[in-house]
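Written out below as structure tokens is the structure these notes cover.
The values are calculated or read from the model by the stated rules, or taken from the named source; none is laboratory data. Remember, predicted model here, so these are calculated numbers, not experimental data. Note that each Cβ is placed from the backbone with ideal geometry, even for glycine, and that neighbours are counted across all protein chains shown. Surface accessibility is based on the protein's heavy atoms, side chains included, excluding ligands, DNA and RNA. Shrake-Rupley method; radii C 1.70, N 1.55, O 1.52, S 1.80 Å.
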Amino acid sequence: MCMTNNIPQGSIPIIDMSNWEDPKVAKSICDAASEWGFFQIVNHDVPVEVLKNVKDATYNFFRLPAEVKNKYSKEHSSSNNVRFGTSFTPQAEKALEWKDYLSLFYVSEEEAFALWPSVCRREQVLDYMKKSEVVIKQLLQVLMKGLNVDEIDEAKESLLMGSMRTNLNYYPKCPNPKLSVGVGRHSDVSTLTILLQDEIGGLFVRGNEGDDWIHVPPIKGSLVINVGDALQIMSNGRYRSVEHRVVANGSNNRISVPIFVNPRPTDMIGPLPELVANGEKPIYKQVLYSDYVKHFFRKAHDGKKTVEFAEL
């Protein structure tokens, strides 16, 4: 990553959620989603204690011996819903990313207690997901209103947030960070991603000037929100999913815990019917969400190219 393109003074919007129904707050959320694709929220409804606990749970898992963690690898895990791995798509990559992760796909509490590793304190990860759901619903309500979609009925809610996955990400200290990258540049395939990062920093977001990158500084108690490709497609391009990347760190281990809020794999995604009914010309076709996700995971991280899969 060429560090000369970083904008030291640049900042993504920081939004106070304590009065999230205030029209000014709603406008700042919609503006951030359309202009930046990324923003941080403070004074939200997820207690600081819950955030601390899920960070502890993440460290607990990655402190385990390699042979214990490997029980959850693709080759050994009892379920595809629980997966420990390295990098992103190793079979398609020329060089691996400097990251390990534990990916947990949420089906039910019963399955989580049966299959998720007990050492990473399942109930604390579940609590983080459950408490975050309140904020996710608030954000989606505001973002839908911004598209003149006033009601989120059961079918719409299922389309926007019918499935959820959380990743416990671990970026070990790297002996030569200039030769590696924590995560390559990509946009997420989610509707929204809710990210808890620790105090180390290293997440960069592509700015509005093309090749400039803006650091997302850790703010105690905050959550980083970003628009995913699914929401870009459903909003017919009004909300933007934006490229981001993580640098490797030569001094510290780093962790982060994203929640990916997604349509269900069986859902068809495309511009919302309300937008097309208002005479807006669709710029995306209807695609099966599981096909879109498979296309994303078939290749190494390559910026924003995945969204071309849905373009008309």
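Things to note:
- Applying the criterion of at least 3 residues that are among the hydrophobic types (A, V, I, L, M, F, W, C), under 30 Å from F62 (Cα atoms) and open to solvent by 10 Å² or more (accessible area, probe 1.4 Å) to the helices (runs of 4 or more DSSP H) found wholly in the stretch 213-312 leaves 289-297.
- Set side by side, the residues S187, S132, S118, S163 differ, and just one is modelled with pLDDT under 90, of a type in the set (S, T, N, Q) and within 17 Å of the chain's Cα centre (by Cα), which is S187.
- Looking across the stretch 249-265 at every residue that is in contact with a helix residue (DSSP H, G or I) (Cβ under 7 Å, 6 or more places away or on another chain) and of a type in the set (S, T, N, Q), the one that is farthest from S158 (Cα to Cα) is identified as N249.
- Single residue of the stretch 27-57 satisfying the filter (farther than 20 Å from F204 by Cα and small (G, A, S)) that is most open to solvent (accessible area, probe 1.4 Å): S28
- Considering R63, R121, R83, the condition of being without any contact (Cβ under 8 Å) to a residue 12 or more places away in the chain and more than 23 Å from S158 (Cβ to Cβ) is satisfied by R63 alone.
- Applying the criterion of being modelled with pLDDT of 60 or more and not hydrophobic (A, V, I, L, M, F, W, C) to the residues of the stretch 1-18, the residue that is most open to solvent (accessible area, probe 1.4 Å) is S18.
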